[in-house]
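J.: Take a look at this one; I'll ask things after.
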């Protein structure tokens, strides 16, 4: 593993342990050349994924980019990091288990929206406004009306609204 500080290829693992959800291995590393310390994470990757963008361009799937977009939607929201990590892991697992090496950005966006909808309504609206490219305020209203209708339907299924 290359040292992020000096670029040396000779780094040493000082400590390894599983993450809380056991989906990755967290490794504490040290560089003997500069003394720099850093952490890496090792995850299972079932297959190489390629993303087909709306423009027609293809790009390698980037888990970190997915995580960043979800973090932006969740900025300043009271959602535990463990729940966010479970959401990201779930989306990646779904994509990898589809059997296709190529996924569309629309498929990824739909999975993110589905996950955020169950995690945090505000983050869902934030992500949807970018993903669906909202241009007018009424588009926000339509999405919020959709959320409210879904909530009323869920309340009706669960035996009514408990207020």
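J.: In this structure, is residue 96 within 15 Å of the chain's Cα centre (by Cα), at pLDDT below 90 and within 24 Å of residue 24 (Cα to Cα)? Spell out the reasoning first.
T.: Numbers: within 15 Å of the chain's Cα centre (by Cα): yes; at pLDDT below 90: yes; within 24 Å of residue 24 (Cα to Cα): yes.
When the stated conditions are applied, residue 96 passes them.
J.: Restrict the check to segment 124-138 and report whether at least one residue is in a helix (DSSP H, G or I), assigned by TED's automatic domain parsing to the domain that holds residue 60, farther than 30 Å from residue 48 by Cα and over 23 Å from the mean Cα position of the chain (by Cα).
T.: Checked against the condition, which is being in a helix (DSSP H, G or I), assigned by TED's automatic domain parsing to the domain that holds residue 60, farther than 30 Å from residue 48 by Cα and over 23 Å from the mean Cα position of the chain (by Cα), segment 124-138 yields at least one hit.
J.: May I ask you to list the residues in segment 145-163 that are surrounded by 12 or more Cβ atoms within 10 Å (Cβ to Cβ) and in contact with a helix residue (DSSP H, G or I) (Cβ under 7 Å, 6 or more places away or on another chain)? Steps first, answer last, please.
T.: Residues of segment 145-163 that are surrounded by 12 or more Cβ atoms within 10 Å (Cβ to Cβ), as a first pass: 146-147, 150-151, 155.
Scanning segment 145-163 gives a single hit, 147.
J.: Out of segment 19-40, which residues are touching a strand residue (DSSP E or B) at 6+ places or on another chain (Cβ under 8 Å) and exposed (fewer than 11 other Cβ atoms within 10 Å of the Cβ)?
T.: Matches in segment 19-40: 39 only.
J.: Looking at segment 94-106, can you tell me whether even one residue there is in contact (Cβ under 8 Å) with a residue 12 or more places away in the chain and over 19 Å from residue 58 (Cβ atoms)?
T.: Yes: segment 94-106 contains one or more residues that are in contact (Cβ under 8 Å) with a residue 12 or more places away in the chain and over 19 Å from residue 58 (Cβ atoms).
Here is a yes/no grid of residues against (1) touching a helix residue (DSSP H, G or I) at 6+ places or on another chain (Cβ under 9 Å); (2) over 30 Å from residue 5 (Cβ atoms); (3) surrounded by 17 or more Cβ atoms within 10 Å (Cβ to Cβ):
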{"site": "60", "(1), (2), (3)": "no, no, no"}
{"site": "66", "(1), (2), (3)": "yes, no, yes"}
{"site": "81", "(1), (2), (3)": "no, no, no"}
{"site": "91", "(1), (2), (3)": "yes, yes, yes"}
{"site": "95", "(1), (2), (3)": "yes, yes, yes"}
{"site": "98", "(1), (2), (3)": "yes, yes, no"}
{"site": "123", "(1), (2), (3)": "yes, yes, yes"}
{"site": "134", "(1), (2), (3)": "yes, yes, no"}
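The values are calculated or read from the model by the stated rules, or taken from the named source; none is laboratory data. As the structure is a prediction and not an experimental result, all values here were calculated from the model. Cβ: placed from backbone, ideal geometry, glycine included. Neighbour counts: every protein chain shown.
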